[in-house]
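Student: Take a look at this one; I'll ask things after.
The values are calculated or read from the model by the stated rules, or taken from the named source; none is laboratory data. In this text the structure is predicted, and so the values were computed from the model without any measurement. Neighbour counts are summed over all protein chains in view; Cβ atoms, including those assigned to glycine, are modelled from backbone coordinates with ideal geometry.
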Amino acid sequence: MPLALPESTLPHPSSAPALNWGILGPGWIASQFAASLNDLTASRLAAVGSRTLARSEQFARTYGDAGTRAFGSYAEVLGDPGVDVVYIAVPHSGHAELALEAIAAGKHVLVEKPMSLDAGQTSRIIEAAKAAGVFAMEAMWSRFLPIGNVVSQVVKSGILGQIITVQADFGAKFEVDYDSRIYDPALGGGALLDVGVYPIAFSAMVSPAKQLLHASGRMAKTGVDATFTAVLSNEDGSTAMVFSSIETDSPQGAWIAGTQGTLELQRPICCGSGLVLRSADGKIADSREFTETSPTAGLGWEAAHVAQCIALGLAESPVMPLAESLAIAQTMDQIAATLRTS
Ligand SMILES: NC(=O)c1ccc[n+]([C@@H]2O[C@H](COP(=O)([O-])OP(=O)(O)OC[C@H]3O[C@@H](n4cnc5c(N)ncnc54)[C@H](OP(=O)(O)O)[C@@H]3O)[C@@H](O)[C@H]2O)c1
């Protein structure tokens, strides 16, 4: 098999089937997502719900069309028959409750990452979605980008040989504001759930984790984890080292090393800017740049994937399966428990 990067097999978002979106929590990521819906010819922002009506009205004016409905509650979006799927974009602490309410209302759900605060909540979302027969997915948008598609193809093709190690990191220097979501334990703040989920999900895409071998880090004075390093033993026999922080920048890259070659994903890990494929002797065999390096340029691919899955009648995504979201949550639970006691 040639040591070369395959082409992305993804159709462009503009060709995605029609879907009526409802958004809960018109904050920062919701604005990026709503802007990216403009790349999807047939999908539209049908409704938006905020705890404050003026905020949803402003959001609908900015990102919607003449028919977009603005509500002063989340419940009204869930009761809107013109909404097919709900994008849950509130802080992590609100994901599970709203996902369960949306599912109970018969809506498909796209839940921002992390899917919930822990594996118990994620498990309840999965069971409820399966029982209701609706589509549910964690919004791990990196996987639906062309770069994510190419990485997945490389891993599945076996051209790297036996995988020996995966290394992935996401450190980002957040403003030290102890009143902000990122430092607030009540809102699920901290590095692990916010940015750590990316390197953990990257490693899980290569191989499911079998055991947590090590976790250590630093806690912020609000009680959330500020920085951590974890080492995982994976089911395929490889070892993964993941690092994450909200108090320092890091290379924000990822690296898969096998006996026949290595694949480097260049920063940022959420929406990589490039891939470098090397042969076993370290020589560059292939490389490529990618342009979807921001949420507005990238979230449309995720929205398109959801529209394709729902149009096909799928209850979950083959690219971000529910069992994998649960496994990621279980790994994060183990890391959190170790950090709390160390
Ligand atoms: N995919 C990505 O790249 C990405 C990037 C950033 C964040 N995220 C995820 O998206 C979620 C939201 O993050 P964000 O940065 O967009 O947050 P944000 O700007 O603070 O917005 C969150 C929104 O949720 C609503 N909300 C409901 N309960 C709240 C509460 N108790 N405190 C504060 N806001 C509350 C608020 O809207 P109303 O008050 O108007 O209802 C607020 O505008 C998080 O889970 C995060 O992990 C994903």
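Student: Please pick out the residue among 179, 184 that is of a type outside the set (Ser, Thr, Tyr), free of Cβ contacts under 8 Å to residues at least 12 places away in the same chain and either more than 18 Å from residue 334 (Cβ to Cβ) or not assigned by TED's automatic domain parsing to the domain that holds residue 327 (or both).
Tutor: 179
Matching residues to (1) touching a Ser or Thr at 6+ places or on another chain (Cβ under 9 Å); (2) within 13 Å of the ligand (Cβ to nearest atom); (3) aliphatic (A, V, I, L, M); (4) assigned to a loop (DSSP other than H, G, I, E, B):
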| residue | (1), (2), (3), (4) |
| --- | --- |
| 109 | no, no, yes, no |
| 115 | yes, yes, yes, yes |
| 130 | no, no, no, no |
| 143 | yes, yes, no, no |
| 152 | no, no, no, no |
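Student: Any idea which of 275, 192 is in contact (Cβ under 8 Å) with a residue 24 or more places away in the chain and either on the phi > 0 side of the Ramachandran plot or assigned to a strand (DSSP E or B) (or both)?
Tutor: Result: 275 is the single residue among 275, 192 that is in contact (Cβ under 8 Å) with a residue 24 or more places away in the chain and either on the phi > 0 side of the Ramachandran plot or assigned to a strand (DSSP E or B) (or both).
Student: Take the residues of the range 175-192 that are touching a helix residue (DSSP H, G or I) at 6+ places or on another chain (Cβ under 6 Å) and not hydrophobic (A, V, I, L, M, F, W, C): which is nearest to residue 115 (Cα to Cα)?
Tutor: Looking at residues that are touching a helix residue (DSSP H, G or I) at 6+ places or on another chain (Cβ under 6 Å) and not hydrophobic (A, V, I, L, M, F, W, C), I get 188.
Student: Also, I was wondering about something else. So for the range 51-74 (the condition being under 27 Å from residue 311 (Cα atoms), touching a Phe, Trp or Tyr at 6+ places or on another chain (Cβ under 9 Å), within 13 Å of the ligand (Cβ to nearest atom) and among the hydroxyl-bearing types (Ser, Thr, Tyr)), does at least one residue qualify?
Tutor: Scanning the range 51-74, I find no residue that is under 27 Å from residue 311 (Cα atoms), touching a Phe, Trp or Tyr at 6+ places or on another chain (Cβ under 9 Å), within 13 Å of the ligand (Cβ to nearest atom) and among the hydroxyl-bearing types (Ser, Thr, Tyr), so the answer is no.
Student: Next up: Filter the range 75-96 down to the residues that are within 10 Å of the ligand (Cβ to nearest atom) and assigned to a helix (DSSP H, G or I) and list them by number.
Tutor: The answer is 92, 93, 94, 95.
Student: Restricting attention to the range 14-38, which residues are of a type outside the set (A, V, I, L, M, F, W, C) and more than 16 Å from the ligand (Cβ to nearest atom)?
Tutor: Hits for the range 14-38 are 14, 15, 17, 20, 38.
Student: Does residue 43 satisfy being under 23 Å from the mean Cα position of the chain (by Cα) and away from the ligand (no atom under 16 Å from the Cβ)?
Tutor: The answer is yes for residue 43.
Student: To continue, here is another question. Of the residues 329, 311, 303, which single one is under 18 Å from residue 128 (Cβ atoms) and touching a residue at least 60 places away in the same chain (Cβ under 8 Å)?
Tutor: 329
Student: I would also like to ask the following. State all residues of the range 294-332 that are at pLDDT below 95, surrounded by fewer than 19 Cβ atoms within 10 Å (Cβ to Cβ) and either more than 13 Å from the ligand (Cβ to nearest atom) or part of a helix (DSSP H, G or I) (or both); if no residue qualifies, say none.
Tutor: Of everything in the range 294-332, those that are at pLDDT below 95, surrounded by fewer than 19 Cβ atoms within 10 Å (Cβ to Cβ) and either more than 13 Å from the ligand (Cβ to nearest atom) or part of a helix (DSSP H, G or I) (or both) turn out to be 296, 297.
Student: Being out of contact with any helix residue (DSSP H, G or I) (no Cβ under 8 Å at 6 or more places or on another chain), within 26 Å of residue 189 (Cα to Cα) and in contact (Cβ under 8 Å) with a residue 12 or more places away in the chain: is that true of residue 242 here?
Tutor: It is false that residue 242 is out of contact with any helix residue (DSSP H, G or I) (no Cβ under 8 Å at 6 or more places or on another chain), within 26 Å of residue 189 (Cα to Cα) and in contact (Cβ under 8 Å) with a residue 12 or more places away in the chain.
Student: Filter the range 171-204 for residues that are away from the ligand (no atom under 16 Å from the Cβ) and not hydroxyl-bearing (Ser, Thr, Tyr) and give the result.
Tutor: Of everything in the range 171-204, those that are away from the ligand (no atom under 16 Å from the Cβ) and not hydroxyl-bearing (Ser, Thr, Tyr) turn out to be 176, 204.
Student: Moving on to the next point. Answer yes or no as to whether residue 42 is surrounded by fewer than 22 Cβ atoms within 10 Å (Cβ to Cβ), farther than 18 Å from residue 306 by Cβ, in the same structural domain as residue 108 (by TED's automatic domain parsing) and not basic (Lys, Arg).
Tutor: no
Student: Right, next: Looking at the range 129-166, which of the residues that are more than 25 Å from residue 295 (Cα to Cα) and hydroxyl-bearing (Ser, Thr, Tyr) is surrounded by the fewest Cβ atoms within 10 Å (Cβ to Cβ)?
Tutor: Top of the filtered list is 157.
Student: Residue check, residue 169 against (1) in the same structural domain as residue 199 (by TED's automatic domain parsing); (2) surrounded by 15 or more Cβ atoms within 10 Å (Cβ to Cβ); (3) more than 15 Å from the chain's Cα centre (by Cα), all met but one. Which one?
Tutor: Of everything listed in (1) in the same structural domain as residue 199 (by TED's automatic domain parsing); (2) surrounded by 15 or more Cβ atoms within 10 Å (Cβ to Cβ); (3) more than 15 Å from the chain's Cα centre (by Cα), residue 169 misses just condition (3).
Conditions (1) among the small types (Gly, Ala, Ser); (2) over 22 Å from the mean Cα position of the chain (by Cα); (3) buried (at least 23 other Cβ atoms within 10 Å of the Cβ), marked per residue:
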{"residue": "6", "(1), (2), (3)": "no, yes, no"}
{"residue": "11", "(1), (2), (3)": "no, no, no"}
{"residue": "21", "(1), (2), (3)": "no, no, yes"}
{"residue": "27", "(1), (2), (3)": "yes, no, no"}
{"residue": "34", "(1), (2), (3)": "yes, no, yes"}
{"residue": "58", "(1), (2), (3)": "no, yes, no"}
{"residue": "67", "(1), (2), (3)": "yes, yes, no"}
{"residue": "89", "(1), (2), (3)": "yes, no, yes"}
